[in-house]
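Just below is one structure, and these are the notes that go with it.
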Amino acid sequence: MGWIGACLCFVRLHVLALPKHIESTELMSKHFLIVGASAGIGAALLQRLVGAGHRVTHLSREPERAPELPGATGVRWDLQHEPLPSAALAERLDGVAYCPGGIRLKPFPRLKEQDFNEEWELNLLGAVRTLQAVLPALKQSEMASVLLFSTVAVQTGMPFHAAVAAAKGAVEGLTRSLAAELAPKIRVNAIAPTLTDTPLAQRLLGSDDKRRAAAERHPLKRINDADDVARTGAWLLADAPSVTGQIITLDGGLSSCRLF
Ligand SMILES: NC(=O)c1ccc[n+]([C@@H]2O[C@H](COP(=O)([O-])OP(=O)(O)OC[C@H]3O[C@@H](n4cnc5c(N)ncnc54)[C@H](OP(=O)(O)O)[C@@H]3O)[C@@H](O)[C@H]2O)c1
């Protein structure tokens, strides 16, 4: 054995000798799929996962808007009009996050059936199609994880939210059902954020006055930024082996605290 062989042998012995909880970055690196990483929470999640050394494939209508990062591959997909492109389907995936969603706020009498259908399609059926397409790849992982998005307006009734709350309520049901059905090898969780500073919420946060008023409604006197939510998302996806079937509320205390 030459000196190169001896070095390789030394490195291999050391990797094998690592305690179970301290594995090399190479060994811990996983492959995730994000639907909707070109903006908002999905873009922040992409940065978090790549920053932690993971590989990410992401899909959206304009994947070129996503942060350009080594280890990230963008694939174009309009989920409302096409099947999931085969280019995005790896043989094995360690997790998937489905980020697209809507905030269609209207008084109930003005909501048309089409509004309910569109929220249902984007929030629920898009997630269902994505999960059915990637399930065989998730099953190849030792421990895979699914991350979905709800809203604080499911557990706390809010005016004008009927269409989005109805669809997101279904996402919460899907989360718990699949957590039971896919255990023990696939964990399934959702995050239910309050107002979060992303392109989706711009209409509600378009001026300093609107932002101040929105923050003021929360006991913690703040709204989320995208990374507040992505941090929890990255933890649920990559680093929470005992968490499944949970809806994690990130709402600045809105649903659980009352300030007199
Ligand atoms: N922001 C909030 O205040 C808030 C509050 C409660 C819950 N949430 C939930 O949190 C999740 C993330 O929200 P966000 O604020 O980050 O949303 P966002 O800023 O609108 O970003 C959504 C992402 O989904 C992609 N997308 C949308 N429609 C698509 C389609 N038809 N085909 C493929 N990709 C599509 C978008 O990319 P392209 O445009 O490039 O396709 C974008 O990358 C959503 O489920 C939302 O309902 C958000």
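Tell me the residue from Q114, Q132 that is surrounded by fewer than 16 Cβ atoms within 10 Å (Cβ to Cβ) and either within 26 Å of A88 (Cα to Cα) or of a type in the set (A, V, I, L, M) (or both), please.
Values: Q114 fails: either within 26 Å of A88 (Cα to Cα) or of a type in the set (A, V, I, L, M) (or both).
Only one candidate passes the filter, namely Q132.
Collect the residues in region 3-55 that are modelled with pLDDT under 95 and assigned to a loop (DSSP other than H, G, I, E, B), keeping them in residue-number order. So that I can check it myself, show each step before the final result.
Step one: list which residues in region 3-55 are modelled with pLDDT under 95, which gives 3-29.
L18, P19, K20, H21, I22, E23, S24, S29, listed by residue number.
Under 6 Å by Cβ, and 6 or more places apart or on different chains, what pairs join a residue from region 140-167 that is of a type in the set (S, T, Y) with one that is in a loop (DSSP other than H, G, I, E, B)?
So the pair list comes out as S141/R92; S141/D94; T156/S255.
Right, D251: of a type in the set (D, E), out of contact with any Phe, Trp or Tyr (no Cβ under 6 Å at 6 or more places or on another chain), more than 30 Å from R55 (Cβ to Cβ) and surrounded by 15 or more Cβ atoms within 10 Å (Cβ to Cβ) or not? Even if it seems obvious, please write down each step before you answer.
Working: of a type in the set (D, E): yes; out of contact with any Phe, Trp or Tyr (no Cβ under 6 Å at 6 or more places or on another chain): yes; more than 30 Å from R55 (Cβ to Cβ): yes; surrounded by 15 or more Cβ atoms within 10 Å (Cβ to Cβ): yes.
So D251 passes the test.
Looking at region 46-75, which of its residues are loosely packed, with under 13 Cβ neighbours inside 10 Å and within 13 Å of the ligand (Cβ to nearest atom)?
Here is the first cut: in region 46-75, the ones loosely packed, with under 13 Cβ neighbours inside 10 Å are 51, 62, 64, 68, 70.
Of everything in region 46-75, those that are loosely packed, with under 13 Cβ neighbours inside 10 Å and within 13 Å of the ligand (Cβ to nearest atom) turn out to be E62, E64.
I need every pair where a residue in region 40-64 that is closer than 18 Å to T130 by Cα has its Cβ under 7 Å from the Cβ of a residue that is of a type in the set (D, E, K, R), sequence separation at least 6 or different chains.
Cβ pairs passing all conditions: R61/R76; R61/D78; P63/R76.
Filter region 184-239 down to the residues that are small (G, A, S), touching a strand residue (DSSP E or B) at 6+ places or on another chain (Cβ under 8 Å) and more than 24 Å from A166 (Cβ to Cβ), then identify the one that is farthest from the ligand (Cβ to nearest atom).
As a first pass, look at region 184-239 and keep what is small (G, A, S): 190, 192, 201, 206-207, 213-215, 226, 230, 233-234, 238.
Those still in the list that are touching a strand residue (DSSP E or B) at 6+ places or on another chain (Cβ under 8 Å) too: 190, 192, 226, 233, 238.
Pick out the ones that are also more than 24 Å from A166 (Cβ to Cβ) and you get 226, 238.
Details: A226: 6, A238: 18 Å.
Residue satisfying both the conditions and the ranking: A238.
The values are calculated or read from the model by the stated rules, or taken from the named source; none is laboratory data. Since the model is a prediction, treat every value here as computed from it, not as a measurement. For neighbour counting, all protein chains shown are included, and Cβ atoms are generated from backbone atoms with ideal geometry for every residue, glycine included.
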